[in-house]
Amino acid sequence: MQWFDFPLFQSLSHKQFVIEKIAETADLVALAHPDSRNAYSKSDLERLTGYHLIEIANGPHRSEDEWDAALSS
């Protein structure tokens with residue numbers, strides 16, 4: 001495992017880098033709670049690649065709009 005850190009606010013390229021690093025050693029890459037704290041915007045999910053799963057519902061966290069954006073892209 002390799003440790004890396006980013007500034008408080010991540011750009012699209014930072015998010016893509018994290019997905020790619022995780023994919024190097026994982027069979028599946030999941031984005032949990034994409035709407036929590038605005039972690040992944042609809043625009044992000046339209047442009048990011050390499051992830052396999054999105055958690056769209058878990059308690060108060062609902063991400064149907066983000067899921068639709070990813071599927072539509």
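Hey, what did the chain get for relative contact order, percent, Cα under 8 Å, at least 6 apart? Walk me through the numbers before you get to the answer.
Details: 78 pairs, mean separation 21.8, N = 73.
Answer for the chain is 30 percent.
If I stretch the segment between S73 and L28 completely, what's the gain in nm (0.36 nm per residue apart, minus their alpha carbon distance), one decimal? Don't skip to the end; give the middle numbers.
Working: separation 45, 0.36 × 45 = 16.20 nm, distance 1.98 nm.
Extending this stretch completely gives an extra 14.2 nm.
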- Message: Using Cα springs under 10 Å in a Gaussian network model of the chain, which residue among D44, D27, D35 shows the largest mean-square fluctuation?
- Response: D27
- Note on the structure: Ranked by GNM mean-square fluctuation in the chain (Cα springs under 10 Å), the top entry among L45, L31, L53 is L53
- Note on the structure: Counting only protein heavy atoms and rolling a 1.4 Å probe, one gets per residue an accessible area for the chain in Å² of 74 Å²
- Message: Show me, bin by bin at 10 Å from 0, the whole-percent P(r) of region 1-66 based on Cα pairs.
- Response: 19, 53, 27, 1
- Message: For the chain, set up a GNM with springs between Cα atoms under 10 Å and report which of L48, L12, L28 has the largest fluctuation.
- Response: L28
- Item | Label point 7 Å beyond Cα of N58 along Cβ direction - residues of region 1-42 with amide nitrogen under 11 Å | 30-36
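The values are calculated or read from the model by the stated rules, or taken from the named source; none is laboratory data. As the structure is a computational prediction, the values presented were derived from the model and not from experiment. All Cβ positions, glycine included, derive from the backbone under ideal geometry; neighbour counts span all protein chains shown. Calculation scope for accessible area: heavy atoms of the full protein, side chains included, ligands and nucleic acids excluded. Shrake-Rupley method; radii C 1.70, N 1.55, O 1.52, S 1.80 Å.
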